[in-house]
Each structure stands twice: as structure tokens, then as C-alpha cells.
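Here is the structure we will look at.
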Ligand SMILES: *Cc1c(COP(=O)(O)O)cnc(C)c1O
């Protein structure tokens with residue numbers, strides 16, 4: 001616990017913390033951002049990201065066979081990059097100008113898992129499965145990985161267990177892929193996890209164990225139970241390198257899409273990327289990858305709900321994962337369930353602290369409004385945590401001196417809103433979210 005004195009001294013150092021504690025939407029520009037030349041060495045390197053991309057390539061034949069919906073893309077899991085001109089027009093009508101081009105990276109439509117967790121979560125399970133098979137001598141790296149769909153392999157993996165603590169999407173991704181490989185999978189969820197997610201997992205043969213309390217407690221219980229079993233492996237959202245690596249590959253894929261669309265990123269053409277942030281793994285991995293590719297010409301911002309500013313609190317105070325939002329009196333209650341995180345990932349936050357340009361926060365009501373507006377203008381549904389919240393990023397940055405200070409030609413900017421989930425959400429839920437958003441629009 002943090003004493004009142006301690007918190008007061010944080011506030012004195014960084015007055016924005018007072019506004020964060022008062023649940024006001026804020027934008028914080030990162031004073032510790034390093035340029036490419038000053039970047040410290042990280043535990044993860046560019047070569048690790050490239051090796052991760054190769055793992056995905058080895059598994060492509062597995063995906064074609066196990067998930068026929070990936071056949072058309074030759075077993076690659078990728079999502080479209082879509083220019084959202086109508087939404088830009090609407091936003092520009094309401095307030096400050098969005099300059100430059102405005103895109104949505106549609107990870108809400110990633111195959112199989114319908115969320116960005118298909119990058120991190122799938123990667124970690126595939127990485128573990130490959131390692132087990134290599135060690136057991138039943139696989140070589142140049143084999144055709146369609147072999148992972150054989151009965152022999154399934155029986156081999158059925159001796160092993162995978163556990164994960166999750167409010168939803170991480171559990172979904174880990175559960176779905178683990179069950180397909182043949183692992184015995186257990187997902188530990190918090191009390192507020194959505195019923196349809198639990199039902200979906202159980203329908204795939206995944207064990208779902210529910211816990212009272214929030215996400216951190218579900219993780220804690222899951223970690224203890226899983227680690228006590230020598231045949232079990234725990235996917236640890238609060239400190240995983242593998243999850244992070246899986247997300248970095250998204251940056252390589254985006255770079256390819258930008259190149260194919262003839263979109264320049266250089267000192268005269270800045271790239272801005274806005275990512276919704278929970279523990280900080282997915283936005284951190286994406287930012288790490290983009291920085292490796294574009295260096296100082298990419299500007300990464302995270303967005304968190306005003307009630308769950310976990311990474312923001314960790315970075316503003318410098319306490320990283322030692323501090324939780326509850327420590328500064330914030331309740332961690334938001335409808336954006338994928339972002340309802342009180343304490344950031346230690347590993348991801350330490351890395352992001354050097355990379356990102358800033359973090360802004362958004363209120364739930366605003367989030368629902370944007371969700372409805374995106375439906376109306378672009379016919380794209382995002383779940384609340386996939387947050388449409390990224391959509392106001394350019395306007396938030398425009399309120400600051402960031403562009404002038406960094407000498408950026410904003411008329412040449414490309415803005416990418418990273419949409420992170422939505423496709424698996426059932427119709428009745430979508431309608432509810434949309435209607436709530438419509439009533440916010442009317443207000
Ligand atoms: C998990 C998730 C995020 C945030 O990712 P973190 O790694 O927790 O920061 C954002 N959006 C959706 C839809 C998610 O499922």
C-alpha cells in the first residue's frame with residue numbers, strides 16, 4: 001500500500017496524477033521517451049521478432065488444415081488495414097482537425113479468435129508446443145507442420161496442460177488454440193467475465209474456473225494452481241515475453257501493408273499508431289516492433305479507460321508494476337472488459353516506458369458513443385475494449401504541443417487506429433452496446 005505522503009509526492013512531481021485520480025480524461029506525454037540513438041538494450045531484440053515471424057510461417061500448413069477459414073490466406077492470420085474516411089469526416093465536424101490519412105487496423109477481424117490475442121496468445125501456445133515436440137524428437141523445424149493435426153501429435157500433447165487467467169479474450173485465444181493442438185486447457189476467469197465467452201470455451205472442451213474478485217486475483221489463483229503441476233504451463237499475462245513477441249509480428253505485417261498501399265513513413269511523413277491498453281502487452285509488443293522498423297518516425301500512443309489507467313499510473317509514478325490503480329483510489333471498473341486491468345505487466349511496461357510518445361484516457365460513455373458512430377459511418381463493429389477509443393487519438397494529440405515540439409508535418413501524417421477485438425461478440429450483445437452508444441450520441 002502507498003501512504004498519503006507518498007502519493008502526494010508523486011502528485012508534486014507529476015501534477016497530471018491528480019487529474020488521473022479524479023478520473024478526468026487526460027493526455028500524458030512521456031518525458032522518458034528515447035530516440036533511436038539513445039535506446040537502451042532490451043531483453044528482446046529485433047532478431048527475436050524475426051524469429052517469431054518465422055515460427056508463424058512454419059505453422060501456416062497447420063492452420064490451413066486445422067482451420068479451413070485460413071486457407072485463402074495460405075494459413076496466415078492477418079487483418080485488413082482500412083481507410084475510414086467517413087469516420088474522419090464525422091470526427092472533424094465535431095472538433096479539432098484530424099490531419100492526414102486515417103486508417104483502422106482491423107484486428108477485430110483476425111481469424112479464429114476475433115481479437116488481437118490471436119497474435120500473442122496463439123503465438124505463446126504454438127511456441128510451447130513446438131518446443132515440446134522438438135525436445136521429444138518427434139519434430140524437426142523443416143517438417144511440414146500439418147503433422148500437428150495428426151492423432152499421434154494430439155495424443156502426445158494431451159499429457160500436457162495449459163493454464164491462463166483471463167477476463168475474456170486471452171482466455172478465448174489460449175483455450176481455442178490449446179484445445180486444437182490437444183492440450184488440456186484450463187481458463188481461470190474473474191467473476192465479471194461474459195457468459196458467452198465461458199460458454200464458447202466450454203463448447204471447445206476447455207475447463208473454465210470462475211473466481212470472485214478481479215482479473216489480478218484470477219491470474220494469481222491460476223498461476224498458483226498451474227505452477228504446482230509439473231505437466232502444466234502457465235501463460236502469464238502480467239510478465240510474458242512470448243505473448244509480447246507474438247504481438248511484435250503485427251508490426252512487421254502492418255509495415256508490409258503500408259508498403260503495398262504506397263504509404264510513406266519517413267522524417268517528412270510521420271506515422272501515428274493508437275492502441276488500446278490493458279496490461280500493456282499487446283500495445284507494447286506492437287510499439288516495440290514498429291520502433292524497430294520505423295525508429296523515430298513512428299509515434300505510438302496507448303489509450304486506457306479513466307477507471308483503469310494501469311500502465312499510465314505505473315509510468316507517471318515510475319513505480320511500474322509495483323503500483324496498481326487501486327493504490328491511488330481508482331476502482332478499476334469499466335465496461336471495456338479487456339482493458340479492466342489494475343496492475344500493468346512488469347516486462348511490457350518497462351520496455352514501453354522508453355518507446356511510447358504518451359498515453360491518454362477516455363470515459364466509458366465516450367467509448368460507447370464512438371462504437372456507435374463507427375457502426376453508423378463505416379459499418380464496423382468493435383467491442384468496447386477494442387476501443388473505438390483509439391479514434392480520438394489524433395484529436396487528443398492535437399491538444400498538445402507534441403507536433404510542434406517534434407517538428408512534424410502533420411498534413412503528411414498517417415494515423416492508424418489499432419482496433420483489437422469484436423468479431424466473436426454475439427449479436428444480442430452487439431445490439432446492446434450499439435444502442436447504448438446511440439443514446440450517448442443523442443445526449
Ligand atoms: C487484451 C486486449 C487489449 C489489451 O491488451 P493488453 O496486452 O492487455 O494491453 C485490448 N483490446 C482487446 C480487445 C483485448 O482483448
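All of the numbers you see were taken from the coordinates with simple rules; none came from a lab. What you are looking at is a predicted structure, and each value in this text was computed from that prediction instead of being measured. Reconstructed Cβ throughout: ideal geometry from the backbone, glycine too, with neighbour counts over all protein chains shown.
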| With each pseudo-label sitting 7 Å past Cα toward Cβ, what's the residue 154-residue 196 distance in nm, one decimal? | 2.8 nm
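Normalising by the residue count of segment 115-241, find the relative contact order in percent from Cα pairs under 8 Å and 6+ residues apart. Could you put the intermediate results ahead of the total?
Working: 195 pairs, mean separation 32.0, N = 127.
Normalised by residue count, the contact order of segment 115-241 is 25 percent.
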| message | I want to verify a result. In a Gaussian network model of the chain, Cα cutoff 10 Å, which of these has the top mean-square fluctuation: 208, 273, 341? | response | 208
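Percent of alpha carbon pairs in the chain separated by more than 31 Å?
Working: 36410 of 97903 pairs.
Result for the distance tail: 37 percent.
Using Cα pairs under 8 angstrom and six or more residues apart, how large is the relative contact order of the chain, in percent? Please list the in-between numbers first.
Values: 881 pairs, mean separation 91.4, N = 443.
Averaging sequence separation for qualifying contacts and normalising by length gives 21 percent for the chain.
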| What area, in nm² and to one decimal, does the C-alpha convex hull of segment 115-241 cast on average over all directions? | 7.6 nm²
| Under a plain spin-label model, where a point goes 7 Å from the Cα along Cα-to-Cβ, how far apart in nm are residue 36 and residue 331? | 4.6 nm
| note | The helix 241-260 Cα axis meets the longest alpha-carbon principal axis of the chain at an angle in degrees, between 0 and 90 and rounded to 10, of 70 degrees
| note | At the level of C-alpha centres, the distance separating segment 232-267 and segment 271-318, in angstrom, is 12 Å
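Please report the antiparallel percentage of the DSSP beta bridges confined to the chain, to the nearest 5.
Numbers: 8 of 43 bridges.
Antiparallel: roughly 20 percent of the beta bridges in the chain.
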| task | Mind pulling the angle between the C-alpha long axis of helix 281-294 and the longest principal axis of the chain? Nearest 10 degrees, somewhere in 0 to 90. | result | 80 degrees
| remark: In degrees rounded to 10, the 0-90 angle between helix 169-181 Cα long axis and the longest Cα principal axis of the chain is 20 degrees
| request: Assign one of three labels to segment 330-443, namely rounded, prolate or oblate, based on the Cα gyration tensor with a ≥ b ≥ c the square roots of its eigenvalues; rounded applies when a/c is under 1.5, prolate when it is not and a/b is larger than b/c, and oblate otherwise. | output: oblate
| Helix-only mean residue ellipticity at 222 nm for the chain, each DSSP H run of n ≥ 4 adding -39500 (n - 2.57), per residue, nearest 500 | -14000 deg cm²/dmol
| Spacing of the two label points (7 Å from each Cα toward its C-beta) at residue 147 and residue 442, in nm | 6.1 nm
| With the chain treated as a Gaussian network of Cα nodes joined by springs under 10 Å, which of 211, 103, 42 yields the largest mean-square fluctuation? | 42
| query | By average Cβ neighbour count within 10 Å, what is the ranking of 199-206, 366-373 from highest down? | reply | 366-373, 199-206
| remark: Which of 227, 108, 406 fluctuates most in a GNM of the chain (C-alpha springs under 10 Å)? That residue is 406
| task | List 244, 302 from most exposed to least, where exposure is judged by having the fewest other Cβ atoms within 10 Å. | result | 244, 302
